[in-house]
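Trainee: Next up is a structure, given as C-alpha coordinates.
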Amino acid sequence: MFKDLHGALPSQSHGRFRDPLEFPKTGLGAQCDINFSAHLALQNTALLRCYALTDPRVKPMILFVKHWAKARGINSGYRGTLSSYGYVLMVLHYLVHIAQPFVCPNLQRLPSSTWPGMPPAEAEAMTTCKGYDVQFWRNEQEILQLAMVNQLNQSMASLGDLLRGFFEYFAQSGAMSTVPKRGFDWGRDVLSLRSHGGLLSKQEKGWTGAKTVYAGDGGPAADAGQPGDPSQASSRAQPGATGENDQQSRTEQSGAKNQHIKEIRLRYLFAIEDPFELDHNVARTVTHNGIVSIRDEFRRAWRIIQASGGGNNHEELLADVKEIQESSDDVSQLLEDIHGCLDASHA
(Lines give C-alpha, C1' and ligand atoms only; values in the text may rest on other atoms or scores of the structure.)
Protein backbone atom coordinates (compact mmCIF):
# COMPACT_ATOMS: atom_id res chain seq x y z
CA MET A 1 0.00 0.00 0.00
CA PHE A 2 2.70 2.49 1.04
CA LYS A 3 6.00 1.94 -0.74
CA ASP A 4 8.07 4.31 1.34
CA LEU A 5 7.18 5.01 4.98
CA HIS A 6 10.47 6.67 6.00
CA GLY A 7 9.10 10.16 5.41
CA ALA A 8 5.70 9.52 6.97
CA LEU A 9 4.87 11.64 9.97
CA PRO A 10 1.81 11.84 12.26
CA SER A 11 -1.04 13.79 10.65
CA GLN A 12 0.73 13.69 7.28
CA SER A 13 -1.64 13.03 4.38
CA HIS A 14 -0.75 10.82 1.46
CA GLY A 15 -1.92 12.53 -1.69
CA ARG A 16 -2.57 9.39 -3.72
CA PHE A 17 -5.56 8.34 -1.64
CA ARG A 18 -9.02 9.86 -1.50
CA ASP A 19 -9.32 9.20 2.24
CA PRO A 20 -5.87 9.91 3.72
CA LEU A 21 -4.73 8.09 6.83
CA GLU A 22 -4.26 10.76 9.49
CA PHE A 23 -3.41 10.76 13.16
CA PRO A 24 -4.23 13.51 15.68
CA LYS A 25 -1.36 15.60 16.99
CA THR A 26 -2.51 15.16 20.59
CA GLY A 27 -3.50 11.95 22.30
CA LEU A 28 -7.17 11.05 22.51
CA GLY A 29 -6.81 8.51 25.31
CA ALA A 30 -7.93 5.66 23.06
CA GLN A 31 -5.98 2.73 21.67
CA CYS A 32 -6.60 0.96 18.39
CA ASP A 33 -5.10 -1.70 16.17
CA ILE A 34 -4.52 -1.37 12.44
CA ASN A 35 -5.03 -4.64 10.58
CA PHE A 36 -4.78 -5.54 6.92
CA SER A 37 -6.88 -8.29 5.31
CA ALA A 38 -8.28 -9.35 8.70
CA HIS A 39 -11.50 -10.65 7.20
CA LEU A 40 -12.45 -12.85 10.17
CA ALA A 41 -11.95 -9.89 12.50
CA LEU A 42 -14.55 -7.98 10.49
CA GLN A 43 -17.00 -10.83 11.02
CA ASN A 44 -16.30 -10.76 14.77
CA THR A 45 -16.88 -7.01 14.81
CA ALA A 46 -20.18 -7.40 12.97
CA LEU A 47 -21.30 -10.06 15.47
CA LEU A 48 -20.45 -7.87 18.47
CA ARG A 49 -22.24 -4.90 16.90
CA CYS A 50 -25.40 -6.97 16.41
CA TYR A 51 -25.25 -8.18 20.02
CA ALA A 52 -24.97 -4.57 21.18
CA LEU A 53 -28.17 -3.78 19.28
CA THR A 54 -30.18 -6.54 20.95
CA ASP A 55 -30.47 -4.70 24.28
CA PRO A 56 -29.42 -1.25 25.59
CA ARG A 57 -27.77 -2.83 28.64
CA VAL A 58 -25.18 -4.73 26.62
CA LYS A 59 -22.85 -1.88 25.70
CA PRO A 60 -22.61 -0.17 29.14
CA MET A 61 -22.05 -3.54 30.83
CA ILE A 62 -19.21 -4.40 28.46
CA LEU A 63 -17.64 -0.96 28.91
CA PHE A 64 -17.84 -1.27 32.71
CA VAL A 65 -16.18 -4.70 32.75
CA LYS A 66 -13.46 -3.58 30.35
CA HIS A 67 -12.79 -0.49 32.51
CA TRP A 68 -12.68 -2.66 35.64
CA ALA A 69 -10.22 -5.09 34.04
CA LYS A 70 -7.98 -2.24 32.89
CA ALA A 71 -8.06 -0.53 36.29
CA ARG A 72 -7.13 -3.79 38.01
CA GLY A 73 -4.31 -4.57 35.57
CA ILE A 74 -5.68 -7.83 34.15
CA ASN A 75 -6.37 -6.88 30.52
CA SER A 76 -3.08 -7.44 28.75
CA GLY A 77 -2.37 -10.54 26.70
CA TYR A 78 1.24 -9.40 26.43
CA ARG A 79 1.57 -9.63 30.21
CA GLY A 80 -0.08 -13.00 30.59
CA THR A 81 -3.66 -11.98 31.32
CA LEU A 82 -6.69 -11.59 29.01
CA SER A 83 -7.39 -9.27 26.09
CA SER A 84 -10.35 -6.88 26.08
CA TYR A 85 -12.00 -9.06 23.45
CA GLY A 86 -11.88 -11.96 25.90
CA TYR A 87 -13.78 -9.94 28.50
CA VAL A 88 -16.37 -8.98 25.87
CA LEU A 89 -17.00 -12.67 25.19
CA MET A 90 -17.26 -13.36 28.93
CA VAL A 91 -19.96 -10.68 29.28
CA LEU A 92 -21.88 -11.95 26.26
CA HIS A 93 -21.64 -15.52 27.56
CA TYR A 94 -23.30 -14.40 30.78
CA LEU A 95 -26.01 -12.34 29.04
CA VAL A 96 -26.83 -15.05 26.48
CA HIS A 97 -26.53 -18.24 28.51
CA ILE A 98 -26.49 -17.57 32.25
CA ALA A 99 -28.76 -14.62 33.10
CA GLN A 100 -32.32 -15.72 33.78
CA PRO A 101 -34.28 -14.78 31.81
CA PHE A 102 -31.68 -14.27 29.10
CA VAL A 103 -30.82 -10.73 28.00
CA CYS A 104 -29.52 -11.53 24.48
CA PRO A 105 -30.64 -14.25 22.09
CA ASN A 106 -27.95 -16.50 20.67
CA LEU A 107 -27.46 -14.87 17.28
CA GLN A 108 -25.50 -17.81 15.90
CA ARG A 109 -28.39 -20.21 16.53
CA LEU A 110 -30.94 -18.04 14.76
CA PRO A 111 -31.58 -18.02 10.98
CA SER A 112 -28.94 -16.16 9.01
CA SER A 113 -29.78 -13.06 7.04
CA THR A 114 -29.57 -14.61 3.59
CA TRP A 115 -32.61 -14.97 1.35
CA PRO A 116 -33.51 -16.71 -1.89
CA GLY A 117 -32.35 -14.76 -4.91
CA MET A 118 -29.46 -13.08 -3.09
CA PRO A 119 -26.38 -12.76 -5.35
CA PRO A 120 -24.12 -15.79 -4.76
CA ALA A 121 -21.08 -13.69 -3.87
CA GLU A 122 -23.04 -11.72 -1.27
CA ALA A 123 -24.58 -14.88 0.18
CA GLU A 124 -21.18 -16.53 0.42
CA ALA A 125 -19.75 -13.49 2.25
CA MET A 126 -22.47 -13.91 4.89
CA THR A 127 -21.96 -17.64 5.38
CA THR A 128 -18.26 -18.46 5.06
CA CYS A 129 -14.96 -16.65 5.60
CA LYS A 130 -11.52 -18.23 5.29
CA GLY A 131 -13.21 -21.62 5.45
CA TYR A 132 -15.07 -20.87 8.69
CA ASP A 133 -18.85 -20.79 9.20
CA VAL A 134 -19.76 -17.15 9.97
CA GLN A 135 -23.53 -17.42 9.80
CA PHE A 136 -25.55 -15.48 12.35
CA TRP A 137 -28.58 -13.22 12.48
CA ARG A 138 -27.03 -10.01 11.17
CA ASN A 139 -30.03 -7.97 10.03
CA GLU A 140 -29.23 -4.90 12.13
CA GLN A 141 -32.38 -2.99 11.25
CA GLU A 142 -34.60 -5.93 12.15
CA ILE A 143 -32.73 -6.54 15.41
CA LEU A 144 -33.00 -2.88 16.41
CA GLN A 145 -36.70 -2.67 15.60
CA LEU A 146 -37.53 -5.74 17.68
CA ALA A 147 -35.31 -4.58 20.53
CA MET A 148 -37.04 -1.19 20.68
CA VAL A 149 -40.41 -2.88 21.34
CA ASN A 150 -38.92 -5.40 23.82
CA GLN A 151 -39.53 -8.42 21.61
CA LEU A 152 -36.11 -10.04 22.00
CA ASN A 153 -36.18 -10.84 25.72
CA GLN A 154 -38.27 -10.73 28.87
CA SER A 155 -35.50 -9.60 31.19
CA MET A 156 -36.33 -6.78 33.60
CA ALA A 157 -33.03 -6.92 35.50
CA SER A 158 -31.19 -3.68 36.09
CA LEU A 159 -27.64 -3.16 34.88
CA GLY A 160 -26.50 -3.38 38.50
CA ASP A 161 -28.25 -6.73 38.96
CA LEU A 162 -26.62 -8.09 35.83
CA LEU A 163 -23.15 -6.94 36.92
CA ARG A 164 -23.68 -8.48 40.33
CA GLY A 165 -24.61 -11.80 38.77
CA PHE A 166 -21.69 -11.62 36.33
CA PHE A 167 -19.09 -11.17 39.05
CA GLU A 168 -20.65 -13.86 41.25
CA TYR A 169 -20.74 -16.33 38.36
CA PHE A 170 -17.01 -16.05 37.71
CA ALA A 171 -16.02 -15.64 41.38
CA GLN A 172 -18.01 -18.49 42.92
CA SER A 173 -18.54 -22.06 41.85
CA GLY A 174 -20.25 -25.12 43.24
CA ALA A 175 -22.66 -24.93 46.15
CA MET A 176 -21.46 -21.45 47.15
CA SER A 177 -22.89 -19.89 43.97
CA THR A 178 -26.48 -18.65 43.82
CA VAL A 179 -26.48 -18.05 40.06
CA PRO A 180 -27.86 -20.64 37.62
CA LYS A 181 -25.50 -23.49 36.66
CA ARG A 182 -23.54 -23.07 39.90
CA GLY A 183 -20.85 -20.77 38.57
CA PHE A 184 -18.03 -21.16 36.06
CA ASP A 185 -15.63 -24.10 36.46
CA TRP A 186 -12.26 -22.62 35.44
CA GLY A 187 -10.50 -25.98 35.40
CA ARG A 188 -13.05 -27.82 33.26
CA ASP A 189 -15.17 -25.42 31.21
CA VAL A 190 -14.68 -23.76 27.85
CA LEU A 191 -16.74 -20.63 27.17
CA SER A 192 -18.49 -21.23 23.85
CA LEU A 193 -20.78 -18.39 22.85
CA ARG A 194 -22.14 -20.22 19.78
CA SER A 195 -23.05 -23.44 21.61
CA HIS A 196 -26.34 -24.37 23.20
CA GLY A 197 -25.85 -23.75 26.92
CA GLY A 198 -22.68 -21.75 26.32
CA LEU A 199 -20.22 -24.30 27.70
CA LEU A 200 -18.07 -27.11 26.38
CA SER A 201 -15.50 -29.15 28.27
CA LYS A 202 -11.77 -28.84 27.71
CA GLN A 203 -11.72 -32.61 27.27
CA GLU A 204 -14.11 -32.63 24.32
CA LYS A 205 -12.23 -29.71 22.70
CA GLY A 206 -8.89 -31.43 23.20
CA TRP A 207 -7.69 -28.38 25.10
CA THR A 208 -6.15 -30.20 28.04
CA GLY A 209 -2.45 -29.42 27.66
CA ALA A 210 -0.23 -26.60 26.48
CA LYS A 211 1.04 -26.84 22.92
CA THR A 212 3.68 -25.13 20.84
CA VAL A 213 2.70 -24.45 17.24
CA TYR A 214 5.22 -23.56 14.55
CA ALA A 215 3.62 -21.63 11.71
CA GLY A 216 5.56 -21.10 8.51
CA ASP A 217 5.70 -21.88 4.82
CA GLY A 218 5.76 -25.58 5.55
CA GLY A 219 2.48 -25.49 7.50
CA PRO A 220 1.74 -25.65 11.24
CA ALA A 221 2.87 -28.42 13.51
CA ALA A 222 1.88 -28.86 17.15
CA ASP A 223 3.93 -30.16 20.05
CA ALA A 224 1.91 -31.02 23.16
CA GLY A 225 3.14 -29.92 26.56
CA GLN A 226 1.94 -30.44 30.09
CA PRO A 227 -1.67 -29.77 31.06
CA GLY A 228 -2.38 -27.05 33.57
CA ASP A 229 -5.26 -26.87 36.03
CA PRO A 230 -6.25 -23.31 37.01
CA SER A 231 -8.55 -24.64 39.72
CA GLN A 232 -5.43 -25.14 41.84
CA ALA A 233 -4.48 -21.47 41.57
CA SER A 234 -5.41 -19.72 44.81
CA SER A 235 -2.73 -17.23 45.85
CA ARG A 236 -2.07 -13.84 44.30
CA ALA A 237 0.76 -13.61 41.79
CA GLN A 238 1.70 -10.81 39.46
CA PRO A 239 1.35 -11.57 35.75
CA GLY A 240 4.75 -11.86 34.13
CA ALA A 241 6.53 -12.14 37.50
CA THR A 242 8.10 -15.51 36.62
CA GLY A 243 9.43 -17.28 33.58
CA GLU A 244 6.01 -18.82 32.98
CA ASN A 245 5.00 -15.71 31.10
CA ASP A 246 7.34 -16.65 28.30
CA GLN A 247 7.41 -14.82 25.00
CA GLN A 248 4.13 -15.42 23.18
CA SER A 249 5.65 -15.58 19.74
CA ARG A 250 8.99 -14.99 18.12
CA THR A 251 10.34 -14.99 14.58
CA GLU A 252 13.33 -17.14 13.70
CA GLN A 253 15.44 -17.39 10.56
CA SER A 254 15.56 -20.81 8.91
CA GLY A 255 18.74 -21.65 6.96
CA ALA A 256 19.65 -20.27 3.59
CA LYS A 257 16.02 -19.75 2.57
CA ASN A 258 15.67 -17.12 5.31
CA GLN A 259 12.23 -18.59 6.05
CA HIS A 260 10.23 -16.89 8.77
CA ILE A 261 9.03 -19.35 11.40
CA LYS A 262 6.60 -18.15 14.05
CA GLU A 263 6.56 -20.06 17.31
CA ILE A 264 3.30 -19.72 19.22
CA ARG A 265 2.65 -21.04 22.70
CA LEU A 266 -0.95 -22.20 23.11
CA ARG A 267 -2.22 -22.45 26.69
CA TYR A 268 -5.57 -23.69 27.94
CA LEU A 269 -5.47 -22.65 31.59
CA PHE A 270 -8.42 -20.42 30.68
CA ALA A 271 -10.44 -21.40 27.63
CA ILE A 272 -12.65 -19.14 25.51
CA GLU A 273 -13.64 -20.45 22.09
CA ASP A 274 -13.68 -17.89 19.30
CA PRO A 275 -17.24 -17.62 17.91
CA PHE A 276 -16.12 -18.47 14.38
CA GLU A 277 -12.54 -19.75 14.49
CA LEU A 278 -13.41 -22.74 16.65
CA ASP A 279 -9.83 -23.99 16.98
CA HIS A 280 -8.69 -20.64 18.39
CA ASN A 281 -8.58 -20.12 22.15
CA VAL A 282 -9.04 -16.38 22.75
CA ALA A 283 -7.49 -16.84 26.22
CA ARG A 284 -4.37 -18.65 24.99
CA THR A 285 -2.12 -15.84 26.28
CA VAL A 286 -3.19 -16.38 29.91
CA THR A 287 -0.35 -17.81 31.99
CA HIS A 288 -0.51 -19.46 35.40
CA ASN A 289 0.26 -16.19 37.15
CA GLY A 290 -2.22 -14.44 34.90
CA ILE A 291 -5.13 -16.72 35.73
CA VAL A 292 -4.33 -16.47 39.43
CA SER A 293 -4.58 -12.69 39.13
CA ILE A 294 -7.80 -12.80 37.10
CA ARG A 295 -9.51 -15.17 39.53
CA ASP A 296 -8.32 -13.18 42.53
CA GLU A 297 -9.75 -10.00 41.02
CA PHE A 298 -13.14 -11.62 40.43
CA ARG A 299 -13.17 -12.80 44.05
CA ARG A 300 -12.16 -9.34 45.25
CA ALA A 301 -14.89 -7.71 43.17
CA TRP A 302 -17.53 -10.11 44.46
CA ARG A 303 -16.38 -9.56 48.05
CA ILE A 304 -16.72 -5.78 47.62
CA ILE A 305 -20.15 -6.11 46.01
CA GLN A 306 -21.36 -8.34 48.82
CA ALA A 307 -20.09 -5.94 51.50
CA SER A 308 -21.46 -2.81 49.82
CA GLY A 309 -24.96 -3.29 51.25
CA GLY A 310 -23.77 -3.41 54.86
CA GLY A 311 -21.84 -0.14 54.85
CA ASN A 312 -18.64 -1.89 55.94
CA ASN A 313 -16.85 -1.72 52.63
CA HIS A 314 -13.64 0.30 52.53
CA GLU A 315 -12.37 -0.89 49.14
CA GLU A 316 -13.15 0.61 45.78
CA LEU A 317 -14.21 -1.80 43.07
CA LEU A 318 -12.51 0.28 40.36
CA ALA A 319 -9.40 1.22 42.34
CA ASP A 320 -6.50 1.61 39.92
CA VAL A 321 -3.72 -0.82 40.79
CA LYS A 322 -1.13 1.48 39.19
CA GLU A 323 -2.08 4.35 41.49
CA ILE A 324 -2.02 1.99 44.47
CA GLN A 325 1.48 0.82 43.49
CA GLU A 326 2.71 4.41 43.06
CA SER A 327 1.26 5.32 46.46
CA SER A 328 2.96 2.29 48.01
CA ASP A 329 6.27 3.30 46.43
CA ASP A 330 5.93 6.82 47.87
CA VAL A 331 5.28 5.42 51.35
CA SER A 332 8.26 3.07 51.05
CA GLN A 333 10.52 5.96 50.04
CA LEU A 334 9.24 8.03 52.96
CA LEU A 335 9.97 5.19 55.39
CA GLU A 336 13.48 4.85 53.99
CA ASP A 337 14.03 8.58 54.45
CA ILE A 338 12.74 8.41 58.04
CA HIS A 339 15.00 5.47 58.87
CA GLY A 340 17.91 7.30 57.23
CA CYS A 341 17.30 10.35 59.44
CA LEU A 342 17.09 8.18 62.55
CA ASP A 343 20.33 6.41 61.69
CA ALA A 344 22.04 9.79 61.17
CA SER A 345 20.81 11.12 64.52
CA HIS A 346 22.26 8.10 66.36
CA ALA A 347 25.59 8.29 64.57
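Trainee: Sort out which residues of segment 276-294 are within 14 Å of the chain's Cα centre (by Cα) and surrounded by fewer than 22 Cβ atoms within 10 Å (Cβ to Cβ), and write them in order of number.
Mentor: Result: His280, single match.
Trainee: Would you check if there is a residue in segment 72-83 being modelled with pLDDT of 70 or more and among the hydrophobic types (A, V, I, L, M, F, W, C)?
Mentor: First, the residues of segment 72-83 that are modelled with pLDDT of 70 or more: 72-83.
From what's left, among the hydrophobic types (A, V, I, L, M, F, W, C): 74, 82.
Yes, segment 72-83 contains at least one residue that is modelled with pLDDT of 70 or more and among the hydrophobic types (A, V, I, L, M, F, W, C).
Trainee: When only residues in segment 159-176 that are on the phi < 0 side of the Ramachandran plot and surrounded by fewer than 18 Cβ atoms within 10 Å (Cβ to Cβ) count, which is modelled with the lowest pLDDT?
Mentor: In the first step, residues of segment 159-176 are kept if they are on the phi < 0 side of the Ramachandran plot; the result is 159-173, 175-176.
Narrowing further to those that are surrounded by fewer than 18 Cβ atoms within 10 Å (Cβ to Cβ): 159-161, 175-176.
Working: Leu159: 96, Gly160: 95, Asp161: 96, Ala175: 60, Met176: 65.
Going through the qualifying residues, I end up with Ala175.
Trainee: Give me the pairs: first residue in segment 177-206 and hydroxyl-bearing (Ser, Thr, Tyr), second residue surrounded by 14 or more Cβ atoms within 10 Å (Cβ to Cβ) and not in a loop (DSSP other than H, G, I, E, B), beta-carbon distance under 6 Å, and six or more apart or on different chains, which are they?
Mentor: Ser192/Leu200; Ser192/Glu273
Trainee: Which of (1) at pLDDT 75 or above; (2) among the small types (Gly, Ala, Ser); (3) over 30 Å from Lys59 (Cβ atoms); (4) exposed (fewer than 13 other Cβ atoms within 10 Å of the Cβ) does Gly187 not meet, given it meets every other one?
Mentor: Only one criterion in (1) at pLDDT 75 or above; (2) among the small types (Gly, Ala, Ser); (3) over 30 Å from Lys59 (Cβ atoms); (4) exposed (fewer than 13 other Cβ atoms within 10 Å of the Cβ) is unmet by Gly187, namely (4).
Trainee: For segment 131-145, what are the residues that are in a helix (DSSP H, G or I) and without any contact (Cβ under 8 Å) to a residue 40 or more places away in the chain? Lay out the reasoning, then the answer.
Mentor: Looking only at segment 131-145, we keep the residues that are in a helix (DSSP H, G or I), and these are 140-145.
Within segment 131-145, Gln141, Glu142, Gln145 meet the criteria.
Trainee: Right, another one. Give me the pairs, please: first residue somewhere in segment 76-88 and free of Cβ contacts under 8 Å to residues at least 60 places away in the same chain, second residue anywhere and not in a helix (DSSP H, G or I), beta-carbon distance under 6 Å, and either six or more positions apart or on two chains.
Mentor: Ser84/Asn75
Trainee: How about segment 89-130: which of its residues are part of a loop (DSSP other than H, G, I, E, B), of a type in the set (A, V, I, L, M) and either surrounded by fewer than 18 Cβ atoms within 10 Å (Cβ to Cβ) or free of Cβ contacts under 8 Å to residues at least 60 places away in the same chain (or both)? Full working, then the answer.
Mentor: Within segment 89-130, the subset part of a loop (DSSP other than H, G, I, E, B) is 99-106, 110-119, 126-127, 130.
This time we only want the ones that are of a type in the set (A, V, I, L, M), so: 99, 103, 110, 118, 126.
Matches in segment 89-130: Val103, Leu110, Met118, Met126.
Trainee: Same structure, new question: Hey, could you check segment 285-305 for residues that are at pLDDT 95 or above and among the basic types (Lys, Arg) and say which is farthest from Leu162 (Cα to Cα)?
Mentor: Arg295
Trainee: Of everything in segment 16-54 that's part of a loop (DSSP other than H, G, I, E, B) and closer than 17 Å to Val282 by Cβ, which residue is modelled with the highest pLDDT? Outline the logic, then answer.
Mentor: The first filter runs over segment 16-54 and keeps only residues part of a loop (DSSP other than H, G, I, E, B), leaving 16-38.
Filter once more, so that each one left must be closer than 17 Å to Val282 by Cβ: 33, 35, 38.
Values: Asp33: 71, Asn35: 74, Ala38: 84.
Applying the filter and picking the extreme gives Ala38.
Trainee: Glu124 passes all but one of (1) touching a Gly at 6+ places or on another chain (Cβ under 8 Å); (2) farther than 26 Å from Leu63 by Cα; which number fails?
Mentor: With (1) touching a Gly at 6+ places or on another chain (Cβ under 8 Å); (2) farther than 26 Å from Leu63 by Cα applied to Glu124, the lone miss is (1).
Trainee: State the number of residues belonging to segment 37-54 that are among the charged types (D, E, K, R) and crowded, with 20+ Cβ neighbours inside 10 Å. It would help to see each step written out before you state the result.
Mentor: Of the residues in segment 37-54, the ones among the charged types (D, E, K, R) are 49.
If we keep only those that are crowded, with 20+ Cβ neighbours inside 10 Å as well, we get none.
The number of residues fulfilling the criteria is 0.
Trainee: Next question, about the same structure. Considering every residue within segment 264-278, establish whether at least one is among the acidic types (Asp, Glu), modelled with pLDDT under 95 and at negative phi.
Mentor: Filtering segment 264-278 down to residues among the acidic types (Asp, Glu) leaves 273-274, 277.
From the residues that got through so far, the ones that are modelled with pLDDT under 95 too are none.
There is no residue in segment 264-278 that is among the acidic types (Asp, Glu), modelled with pLDDT under 95 and at negative phi.
The values are calculated or read from the model by the stated rules, or taken from the named source; none is laboratory data. Keep in mind that this is a model prediction, so the values were computed, not measured. Cβ atoms come from the backbone with ideal geometry, glycine included; neighbour counts cover every protein chain shown.
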